[in-house]
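Participant: My questions will all concern the structure given below.
Read the figures in this text as sums done on the coordinates, not as results from a lab. What you are looking at is a predicted structure, and each value in this text was computed from that prediction instead of being measured. Glycine also receives a Cβ, built like all others from the backbone with ideal geometry; neighbour counts cover every protein chain displayed.
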2 protein chains.
Amino acid sequence: MISISIIEDNNFYRELLVRVLKEKHFLKIYGVYSSAEEAIQELPANAPDIAIVDIKLKLKSGIELIETVKPYLANTQFLMCSGFQNDENIFNALKAGASGYIMKGSTEEEIQNAIIELHNGGSPMSPYIARKVINLLHRKKTSDNNLGLSSRELEVLSLLSRGLLYKEISDQLNISANTVKNHCKNIYKRLHVQNKIEAINKFSNYNLQAYAS
Amino acid sequence: MISISIIEDNNFYRELLVRVLKEKHFLKIYGVYSSAEEAIQELPANAPDIAIVDIKLKLKSGIELIETVKPYLANTQFLMCSGFQNDENIFNALKAGASGYIMKGSTEEEIQNAIIELHNGGSPMSPYIARKVINLLHRKKTSDNNLGLSSRELEVLSLLSRGLLYKEISDQLNISANTVKNHCKNIYKRLHVQNKIEAINKFSNYNLQAYAS
DNA sequence: AAATTAATAACCTGTTATGGTTATTTTTTT
DNA sequence: AAAAAAATAACCATAACAGGTTATTAATTT
């Protein structure tokens with residue numbers, strides 16, 4: 001038996017969801033809320049297995065709802081509900097802690113399947129959103145991710161980012177510690193930074209954030 | 001017109017793919033390879049829009065193929081082809097640079113749709129794999145991500161991770177640099193590390209890698 | 001062939017970090 | 001109320017790092 005709570009401000013769609021989910025014997029409606037504020041009050045004490053959250057709520061958005069309430073609901077999964085396939089907010093909702101979503105135009109069967117998939121440890125989502133998530137993984141290794149650094153400098157920077165000392169890096173690369181030091185100085189110059197950590201950050205920011213948000 | 005190359009060592013399935021894709025007027029078979037080695041040789045000079053790669057190849061796996069060949073194929077998208085829904089390697093393939101996948105049991109229509117979705121900027125994948133990707137986003141903000149550090153120590157560590165010096169941190173927190181130094185020493189002890197970078201890594205590893213792989 | 005860039009390496013100086021000890025005050029827990 | 005933990009802070013010695021200069025060699029480009 002999967003317990004489900006619904007947070008949806010639109011009366012019509014909320015009732016529709018309730019009706020569709022009541023049909024299935026293995027689903028149990030736990031709580032029904034018409035605003036994020038109401039849900040924030042009630043959810044922590046009444047944790048469902050799955051919370052279906054409309055992404056566009058009145059005062060607070062569904063994303064804010066998840067962010068505030070998630071720390072208290074370790075065992076609840078959030079299923080976002082959006083009107084549009086390619087809503088940018090769906091991606092942000094997934095980042096905030098949602099695990100999947102359904103569209104408002106979905107059929108009864110699709111909604112039920114999404115819930116089952118979610119409960120089985122899957123993440124139902126459209127290919128468009130999936131790509132945005134995947135792009136975070138790729139981190140642009142392909143093209144100009146070197147920031148003007150030479151391959152040797154990238155090598156040194158990579159070892160630096162593991163927390164190795166100059167001596168340890170020089171042993172690994174079979175060069176002198178002075179040379180490592182020298183590479184670092186050049187790296188700092190090119191990245192316009194003053195120390196290891198800033199260099200590492202600049203590097204990983206470039207690799208990660210190009211695709212983020 | 002979408003140009004497609006196929007890397008598949010199984011003769012039967014390779015020919016089946018060719019036949020299915022030839023049916024569609026907007027798809028053009030570009031190259032057909034029966035091993036990763038062959039593809040590594042040929043692909044860089046003959047870049048297709050989409051490369052369909054079997055995940056299990058003889059000597060080198062499809063993942064290795066992508067890793068070695070991707071730097072030369074900035075405009076090619078990789079569509080993995082696997083026998084199983086929940087093949088762990090699919091997830092690794094996505095990390096390596098693939099953008100979606102199809103299953104060997106897929107219908108002709110599903111294969112064609114996956115290609116179209118991929119070409120339109122989507123990432124076709126199953127909910128199971130999607131979840132593994134999503135979990136990377138969540139980073140376990142919820143529960144015990146503090147590693148036994150006090151809130152003040154977390155504060156210091158957070159500022160450290162931006163590359164600030166002791167003095168800069170002490171100014172920001174209105175405490176003495178000696179105190180910051182002291183917090184660091186305690187942080188290092190608790191995390192069993194020797195320097196800033198290792199501490200930062202341990203922290204972010206805990207937040208990121210708990211779900212990875 | 002000449003010039004440029006990359007990789008190598010050493011020197012010096014000053015700053016920053018690390019590791020150890022000790023100690024006071026405040027907050028939290030028992 | 002007593003004990004424990006957290007936050008504060010100083011001292012010392014050593015190690016590591018940062019920034020500057022200079023220089024040789026190898027590889028690449030012009």
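Participant: Rounded to a whole number, what is D in µm²/s for region B:151-208 from Stokes-Einstein with the Kirkwood radius over alpha-carbon pairs (37 °C, 0.692 mPa s)?
Facilitator: Translational diffusion coefficient: 293 µm²/s.
Participant: What is the sum of charges, Lys and Arg at +1 and Asp and Glu at -1, for the other residues whose Cβ falls under 9 Å from the Cβ of B:ARG14?
Facilitator: Net local charge, B:ARG14 excluded: -4.
Participant: Residues with beta-carbon under 11 Å from that of B:PRO124, excluding B:PRO124: net charge, scoring Lys, Arg +1 and Asp, Glu -1? Provide the component values of the computation, followed by the final result.
Facilitator: Working: positive: A:ARG131; negative: B:GLU110, B:GLU117.
The answer is -1.
Participant: Counting residues in the protein assembly as shown as N, plug N into 2.2 N^0.38 Å and put the Cα Rg over that result.
Facilitator: Working it through for the protein assembly as shown, the quotient is 1.13.
Participant: Here is a follow-up. Could you tell me what a quarter of the Cα convex hull surface of chain B works out to, in nm² with one decimal place? Intermediate results must be reported in sequence, preceding the final value.
Facilitator: Numbers: hull surface 59.6 nm².
Computed as one quarter of the Cα hull surface, the answer is 14.9 nm².
Participant: To confirm my reading of the symmetry, which residue of chain B has the Cβ nearest the axis that brings B onto A, and what whole-Å distance does it have?
Facilitator: Closest to the rotation axis on chain B: B:VAL133, 2.
Participant: Counting only other residues whose beta carbon sits under 12 Å from that of B:ALA199, what net charge do I get with K and R as +1, D and E as -1?
Facilitator: That sum, taken over residues with Cβ under 12 Å, equals +3.
Participant: To one decimal in nm, how far is B:TYR13 from the same spot in the other copies, if labels go 7 Å from Cα toward Cβ? Please give the shortest first.
Facilitator: Copy-to-copy label distances for B:TYR13: 4.0 nm.
Participant: Turning to a different aspect of this structure: Distances in nm, one decimal, shortest first, from A:ILE29 to the same residue in every other copy, taking the label point 7 angstrom along Cα→Cβ.
Facilitator: 5.4
Participant: Kindly provide the GluC sites (Glu not before Pro) of region A:1-105 that DSSP labels as loop, not H, G, I, E or B, and whose Cβ sees at most 11 other Cβ atoms within 10 Å. Let's see the in-between values first.
Facilitator: Working: sites: A:GLU8, A:GLU15, A:GLU23, A:GLU37, A:GLU38, A:GLU42, A:GLU64, A:GLU67, A:GLU88; in loops: A:GLU8, A:GLU23.
Passing both the DSSP loop test and the Cβ count: A:GLU23.
Participant: What dipole magnitude, in Debye to the nearest 20, does the protein assembly as shown give about its Cα centre under +1 on Lys/Arg Cβ and -1 on Asp/Glu Cβ?
Facilitator: 1760 debye
Participant: Can you give me the angle between helix B:196-208 and the longest principal axis of chain B, using Cα atoms only, in degrees from 0 to 90, rounded to the nearest 10?
Facilitator: The angle comes out near 50 degrees.
Participant: I would also like to ask the following. Relative contact order, percent, of region A:2-138 when contacts are C-alpha pairs under 8 Å separated by at least 6 residues?
Facilitator: Computed over region A:2-138, the figure is 20 percent.
Participant: Given springs between every Cα pair under 10 Å in a Gaussian network model of chain B, which of B:ASP87, B:ASP171, B:ASP49 has the largest fluctuation?
Facilitator: Top of the fluctuation ranking is B:ASP171.
Participant: Mind listing the label-point distances from B:GLN41 to the same position on all other copies, shortest first, one decimal in nm, points 7 Å along Cα→Cβ?
Facilitator: With the label placed 7 Å along Cα→Cβ, B:GLN41 yields 7.3 nm.
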